[in-house]
Amino acid sequence: MNVDDCKRMTARHAADLVQSGMVVGLGTGSTAAFLVERLGERVAEGLNILGIPTSESTAALARAVGIPITTFADHPELDIAIDGADEVERGSLHIIKGLGGALLREKIVAHAAKRFVVMIDATKPVDRLGERTPVPVEITPFGSECTAARLQKLGAQIIRPRRTLAGEMFVTDNGNMILDCAFGPIADVPALATRIDGTVGVVEHGLFPKMATDVLVATEREVEQWTP
């Protein structure tokens, strides 16, 4: 199977965890898109759920496939949130997310859920977070240069403001910008997360330490389920 086939397989496996009556956090990204499409099929078959999307793009896809959308005002607690990830650390199941640019809403949704299920293919597990993927950090445009300097003092080796394929500054759904910060292999993920949290100008970051309740890993043969 190619990577898309693996993503589709793990998304279908994750969709089977959703039961009627649930409020479901709907992730963002290519694997999450397969999930939303499969849940749309199940809704057409009679599944009764409500969704809270983590991005405007996911909200548009959910509406297109017939998933009813709700809000935190009506449902402040979710039964389950399902999303992809950019890296998952073996053993600890610490996660890097945010290469799709939706990390703030993704983290809000994950924190609101009783169960947070992460879907990945076999290219995403690593021994240490940061081996291959930078840490996305969402920051306010005002004072961005000062914020970048503060992140450098925390050990960020390379800081690049994210841009679109057209070369324009990437803007999140929340009107902010993203700095992709390369820290290299991270020895203490929770400690770095705390330091970034305390940096003035930072809105949110893509480190998700100790948040996943389940990680579904699609290999060429099966979907493995990892738990902390």
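Rounded to the nearest 20, the Cβ-based charge dipole of the stretch 8-69 about its Cα centre (Lys and Arg +1, Asp and Glu -1) stands at 60 debye.
For the stretch 60-157, the Kirkwood estimate of the hydrodynamic radius, built from every pair of different alpha carbons, is 15.8 Å. ARG63 sits among other residues whose Cβ lies under 13 Å from its own Cβ, and their net charge, with Lys and Arg +1 and Asp and Glu -1, is -2. Short-range pairs are left out: with C-alpha atoms under 8 Å and at least six residues apart, the relative contact order of the chain is 22 percent. Around the Cα centre of the stretch 53-119, unit charges on the Cβ atoms of Lys, Arg, Asp and Glu (plus for the first two, minus for the last two) sum to a dipole of about 40 debye. Expressed as a whole percent, the accessible area of the stretch 83-214 that falls on carbon and sulfur atoms is 54 (1.4 Å probe). When peptides 222-228, 79-85, 20-26 are sorted by average Cβ neighbour count within 10 Å, with the highest value leading, the order is 79-85, 20-26, 222-228.
For the set VAL202, VAL117, VAL171, the ranking by accessible area, highest first and with no ligand, DNA or RNA atoms included, is VAL171, VAL202, VAL117 under a 1.4 Å probe.
For the stretch 1-114, the calculated P(r), taken from all Cα-Cα distances in 10 Å bins from zero up to the bin holding the longest distance, is 15, 49, 31, 5, 0 percent. Once the Cα-Cα distance is subtracted from the 0.36 nm per residue extended length, the ALA187 to THR71 segment shows a gain of 38.0 nm. Judged by the mean number of other Cβ atoms found within 10 Å, the most tightly packed of the peptides 142-151, 99-108 leads the ranking 99-108, 142-151.
How much of the DSSP bridge set in the stretch 116-228 is antiparallel, in percent, rounded to the nearest 5? Percent antiparallel among DSSP bridges in the stretch 116-228 is about 75. Seen from GLY98, the other residues with C-beta closer than 13 Å to its C-beta sum to a net charge of -4, counting Lys and Arg as +1 and Asp and Glu as -1. Placing +1 on the Cβ of every Lys and Arg and -1 on the Cβ of every Asp and Glu, with no other charges, gives the chain a dipole of roughly 380 debye about its Cα centre. Separation of the stretch 149-228 from the stretch 19-96 is 20 Å, based on Cα centroids. Computed over the Cα atoms of the stretch 7-64, pair by distinct pair, the Kirkwood hydrodynamic radius stands at 11.1 angstrom. Summed over the residues of the chain and divided among them, the accessible surface reaches 45 Å² per residue at a probe radius of 1.4 Å. Is the C-alpha gyration tensor of the stretch 115-228 telling us rounded, prolate or oblate? Criteria: a/c under 1.5 is rounded; beyond that, a/b larger than b/c is prolate, otherwise oblate. Note, shape of the stretch 115-228 comes out prolate.
Shown for the stretch 1-82: the carbon plus sulfur share of the solvent-accessible area, taken with all protein chains present and a 1.4 angstrom probe, equals 49%. Between MET169, MET177, MET211, the GNM of the chain built on Cα springs shorter than 10 angstrom shows MET169 fluctuating the most. Were the residues from ARG132 through CYS146 laid out at 0.36 nm apart, the gain over their Cα-Cα distance would be 2.4 nm. Antiparallel beta bridges, as assigned by DSSP with both residues in the chain, represent about 50 percent of the total such bridges.
Does anything in the stretch 22-38 have its amide N under 16 Å from the 7 Å Cα→Cβ label point of ASP16, and if so which residues? Answer for the stretch 22-38: 35, 38. Would you mind classifying the chain by shape? Square roots of the alpha carbon gyration tensor eigenvalues, ordered a ≥ b ≥ c; an a/c under 1.5 is rounded, otherwise it is prolate if a/b is larger than b/c and oblate if not. Judged from the Cα gyration tensor, the chain comes out prolate (a/c at least 1.5, a/b above b/c).
The values are calculated or read from the model by the stated rules, or taken from the named source; none is laboratory data. Model, not experiment: these values are computed from the prediction. Virtual Cβ from ideal backbone geometry, glycine too; neighbours counted across all protein chains shown. Protein only, heavy atoms only, side chains kept; ligands, DNA and RNA dropped before computing areas. Shrake-Rupley method; radii C 1.70, N 1.55, O 1.52, S 1.80 Å.
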